[in-house]
1. Which of the peptides 408-420, 85-97 is most tightly packed, and how do the rest follow, judged by the mean count of other Cβ atoms within 10 Å per residue?
2. Based on the alpha-carbon gyration tensor of the range 250-350, what equivalent-ellipsoid semi-axes (square roots of 5 times the eigenvalues) come out, in whole Å, largest first?
3. Report, to one decimal in Å, the Kirkwood hydrodynamic radius for the range 423-476 based on all distinct Cα pairs.
4. For V72, what accessible area in Å² do you get when you roll a 1.4 Å probe over the heavy atoms of the protein chains, rounding to the nearest 10?
5. What three numbers, in Å, describe the spread of the alpha carbons of the range 255-310 along their principal axes, ordered from the longest?
6. Averaged over every viewing direction, what's the projected area of the C-alpha convex hull for the chain? Give it in nm², one decimal, please.
7. Working only with C-alpha atoms, what are the Rg and Dmax values of the range 8-129, expressed in angstrom?
8. Once you sort the root eigenvalues of the Cα gyration tensor of the range 315-365 as a ≥ b ≥ c, which label holds: rounded (a/c under 1.5), prolate (a/b larger than b/c) or oblate (the other case)?
Amino acid sequence: MADTHGSQTPAGTPPPQPTAYAQDLSRSLGLRENMFITLSSVTPASSVFIIMPSVISGLGGAAALAFALAAVAGMLMAFCYAELSSAFPITGGEYAFAARTLGRSTGFALFALGLLAGVLTVAVIALGTGDYLGVVWGSLGGKEAGLAVIAPASLVSVLGIRTNAWVTGIFLAVELAAIAVLAWLGLVHVEQPISTLWTPHELGQGDVPVGASAGLVASFAATALFAYNGYGTAVYFAEETRQVSSIGKVVMWSLGITVVAECLPLVAVLLGTPSMSALVAAPSPMNYFLLERGGDTVNTVVSLGIAIAIVNAVIAIMLQIGRLLYSSARDRAWPDVIGRPLAAVHPRLRTPVQATLIMGAASIVVAWLVPLDTLILATGANLVVLYIFVAVSALYGRISGATAHATYRMPAWPWVPLGVIGVMTYVLYESIDADWRPVGIAVAMVAAGYLYYYAYLHPRREHRWTLLDPVRDTTE
């Protein structure tokens with residue numbers, strides 16, 4: 001007799017695989033809360049007080065030129081991020097873009113690069129803690145203070161995403177106030193000519209400023225890009241954000257606020273410093289400026305605000321990279337004995353606890369073993385390579401039709417991604433000319449990603465590195 005109930009699944013056949021990710025994370029953020037975390041990940045105050053001084057020490061007044069160049073590149077980059085984020089609102093971020101436009105192997109290579117960049121970024125920011133806590137309490141200076149920040153920040157970052165949004169929002173208000181004080185002190189004591197802002201200088205013999213090349217300015221633009229970096233973080237929380245079709249707006253607004261919050265105090269310090277030579281030669285240019293223009297009390301209060309900003313940034317970036325590792329495990333990138341715990345979401349907190357804590361431990365090890373100057377340079381080069389991949393994804397995504405469903409469309413396509421590729425290639429060339437090792441580290445990490453993909457994932461491609469459709473936002 002015929003089976004009138006339809007065909008049955010033969011015994012031993014694996015169950016059908018889902019086509020979209022499950023809504024395991026809590027979709028409880030509004031666009032405003034997403035922006036709180038995104039801006040905290042950018043951490044304008046930490047950039048101004050930790051990353052910006054290395055550019056000032058290397059270029060003098062032309063640090064403004066490097067940051068202006070980076071701002072133009074950042075604007076073009078933000079257009080790419082906004083379109084890709086609206087097409088692929090997936091917590092995997094950049095690798096989710098590349099895997100779905102350039103192929104799964106390139107996606108994993110970009111995941112490897114992004115994971116390294118995230119760990120390096122946490123280490124760089126945390127290691128700046130000692131410089132500012134040491135101003136408040138001398139015994140808290142040094143590398144140990146930075147290491148001590150990462151552990152509690154990791155614990156906070158496993159809490160519910162909405163709790164973290166408001167924690168980072170409050171801390172963000174404190175760091176923006178510290179920036180405002182710095183900018184005010186400079187703008188009311190302008191002493192340097194306006195030409196200072198486009199006159200590059202580096203220290204020669206006897207700490208005397210001498211002219212620097214345009215190529216050097218371009219190479220420092222990579223470091224300035226690092227200072228702006230983080231506006232693309234919005235997509236890492238897309239699966240936890242309501243009205244996710246507007247995620248591109250969060251990206252663009254975050255970059256705009258960041259550029260103003262960082263460039264205004266930079267210009268104020270460069271024009272308001274009593275001595276450009278002393279500013280460039282100072283071990284901590286921002287502390288030198290605060291002491292000269294505000295005195296000990298102002299320096300102490302602002303330094304405390306920056307220490308709070310650093311803790312805030314570490315929390316925000318731990319949220320990001322914990323979700324990056326979680327996403328890779330959810331996409332079955334690892335053997336099950338490793339992948340299952342990393343892909344787990346806490347039933348009450350609805351956060352990837354294990355993946356976040358693993359990234360916290362990795363950041364502590366890197367911060368302990370690698371010198372700060374090396375971390376800053378390596379991170380800048382990583383970002384340049386990462387941005388090239390993202391721009392190519394935005395370019396090819398339109399050509400192939402992979403991003404045809406995007407709810408945000410960048411203006412002036414294809415000139416925007418082509419412009420990013422051109423600028424980033426030039427910055428990469430100048431970075432190699434200045435010091436090839438940071439670029440070598442980035443290229444090696446990409447190569448390691450491709451090697452792992454073809455050695456482990458590709459032979460198991462039917463059930464490994466499975467890339468599903470985005471979670472549907474039922475609030476829209």
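The values are calculated or read from the model by the stated rules, or taken from the named source; none is laboratory data. None of these values were measured; they are calculated from a predicted model. Using ideal geometry, Cβ is built from the backbone for each residue, glycine included, and neighbour counts are taken over all protein chains shown. Heavy atoms of the whole protein, side chains included, go into the accessibility calculation; ligands, DNA and RNA do not. Shrake-Rupley method; radii C 1.70, N 1.55, O 1.52, S 1.80 Å.
1. 85-97, 408-420
2. Square roots of five times the eigenvalues give 42, 16, 13 Å.
3. Hydrodynamic radius (Kirkwood, Cα pairs) of the range 423-476 is 14.5 Å.
4. About 80 Å², rounded to the nearest 10.
5. Dimensions of the range 255-310 along the principal axes of its Cα atoms: 31, 23, 17 Å.
6. For the chain, the mean projected area of the Cα convex hull comes to 24.6 nm².
7. Values for the range 8-129 (Cα only, Rg and Dmax): 19.9, 74 Å.
8. Since a/c reaches 1.5 but b/c is at least a/b, the shape of the range 315-365 is classed as oblate.
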